[in-house]
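**Q** One structure, as structure tokens, below. Some questions next.
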Amino acid sequence: MDINDFLKNFADQFDDTDPTLIRPETRFRDIDEWSSLNALAVLNMIGKKYKVIVTADELRNINTVEELYDFMISKQK
Amino acid sequence: MNPFSIEGKRILVTGASSGIGRAIAITCADMGAKLFITARNPERLSETFALLEGTGHKQFCADLTDGEELQSLISHLPTLDGIVSSAGIIRQIVVQAIEQEDVNETIQINAIAPIHLSRMLVQKKKLTRGASIIFISSINGNNCAFIGSSIYAASKSALAGFMKSLALELAPRSIRVNCINPGMIETGLMKGSLLGQQEFESDVAKYPLKRYGRPEEVAYAAVYLLSYASRWITGSSLVIDGGYTLM
């Protein structure tokens with residue numbers, strides 16, 4: 001598992017967003033398509049693929065895709 | 001005679017170890033009923049049992065999705081005056097992330113188990129004439145919908161459909177069958193939610209009565225539907241949602 005897999009899985013949660021726009025430094029709330037539905041889809045993806053529960057409260061303090069990845073890895077340990 | 005009394009009635013409550021089911025068991029016992037309570041978690045079921053006023057109550061630890069355990073439970077029950085099916089789970093998951101096991105788990109616990117429980121009680125003639133059956137359904141799936149709750153909604157509207165046909169079939173014996181459709185109730189189910197404090201606060205604001213419901217507020221409705229006072233009510237779904245679905 002590395003961040004490139006995570007970027008791909010993260011990008012998979014969007015339908016109208018160019019996957020190349022999803023980079024480690026991407027501030028995901030700035031993505032046009034971002035909504036509460038995507039947020040829940042991302043949390044579900046993390047639960048399913050990485051077996052980590054990240055809550056909406058935790059997500060609120062995270063801004064970039066890389067920060068989310070790092071937070072998830074820290075919870076996995 | 002007080003038409004709202006349920007004193008002496010023998011009532012089965014499933015999902016009695018927590019939340020709405022626990023509140024219903026405790027309230028019914030307070031009102032003088034004899035309780036038969038069941039749930040999967042023995043410790044929490046015993047906690048509920050210890051809170052039941054009066055004597056003659058019984059507890060049965062059982063997983064109602066397990067055919068043998070269900071059969072064993074039914075064999076230990078006397079004829080009943082009331083059933084409240086309250087066992088249920090909720091998982092927040094968008095359709096995009098759903099796997100087979102997610103569907104199976106929620107539909108099994110929320111819909112299939114109550115259906116088998118009902119049909120076995122009918123087949124084993126465990127329901128007295130004039131008995132009352134209540135399914136704890138939800139506004140979710142019946143009166144409105146939410147993102148991430150498609151399977152839950154499907155399970156709860158399945159209960160509503162089953163309830164209507166069962167109400168018709170049992171009417172000749174004056175047995176009534178109804179659903180209660182609560183809005184968001186403050187229970188342990190909320191603690192497992194992915195939603196955060198901010199989401200809950202903005203959600204509460206959508207309720208005209210400006211708060212979530214309390215388990216005992218669902219219990220009071222269950223007492224009414226179990227009592228003689230509701231003897232002409234069958235096949236209905238009682239919405240208890242602080243006005244949420246008016247909006």
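Rule-based calculations on the coordinates, nothing more; no lab input. Note that the coordinates shown come from a computational prediction; the quantities given were computed from them, not determined experimentally. Methodologically, a virtual Cβ is constructed for each residue, glycine included, from the backbone with ideal geometry; neighbour enumeration extends over all protein chains shown.
**Q** Using beta carbons and a limit of 9 Å, which pairs, at least six apart or on different chains, have the first residue in the stretch A:56-77 and surrounded by fewer than 16 Cβ atoms within 10 Å (Cβ to Cβ) and the second one small (Gly, Ala, Ser)?
**A** Final answer for the pair search is A:57/B:196; A:60/B:196.
**Q** Can you pull out every residue in the stretch B:125-151 that is within 14 Å of another protein chain (Cβ to nearest Cβ) and touching a residue at least 60 places away in the same chain (Cβ under 8 Å)?
**A** B:151, the sole residue that qualifies.
**Q** A follow-up question, please. Could you go through the stretch B:231-242 and let me know if any residue there is within 14 Å of chain A (Cβ to nearest Cβ) and either at positive phi or buried (at least 20 other Cβ atoms within 10 Å of the Cβ) (or both). Before you say what the answer is, go through the steps one by one.
**A** The first filter runs over the stretch B:231-242 and keeps only residues within 14 Å of chain A (Cβ to nearest Cβ), leaving none.
No: zero hits.
**Q** Moving to a separate point now. With the condition kept exactly as written, say whether any residue in the stretch A:28-50 is among the β-branched types (Val, Ile, Thr) and within 14 Å of another protein chain (Cβ to nearest Cβ).
**A** Yes.
**Q** How about the stretch B:75-90: which of its residues are surrounded by fewer than 18 Cβ atoms within 10 Å (Cβ to Cβ) and either closer than 18 Å to residue B:187 by Cα or in contact with a helix residue (DSSP H, G or I) (Cβ under 6 Å, 6 or more places away or on another chain) (or both)?
**A** B:89
**Q** Related question: Under 6 Å between Cβ atoms, at least 6 apart or on separate chains: pull out the pairs that start in the stretch B:49-68 with a residue that is farther than 11 Å from residue B:35 by Cβ and end on any residue that is surrounded by fewer than 19 Cβ atoms within 10 Å (Cβ to Cβ) and among the acidic types (Asp, Glu).
**A** As it stands, the answer is B:62/B:69; B:63/B:69, since those pairs meet every condition given.
**Q** Which ones in the stretch A:38-53 are over 12 Å from residue B:93 (Cβ atoms), touching a helix residue (DSSP H, G or I) at 6+ places or on another chain (Cβ under 7 Å) and surrounded by fewer than 19 Cβ atoms within 10 Å (Cβ to Cβ)?
**A** Selection gives A:49, A:50, A:52, A:53.
**Q** Name, by its number, the condition in (1) in a strand (DSSP E or B); (2) more than 17 Å from the chain's Cα centre (by Cα) that does not hold for residue B:69.
**A** Unmet for residue B:69, out of (1) in a strand (DSSP E or B); (2) more than 17 Å from the chain's Cα centre (by Cα): (1).
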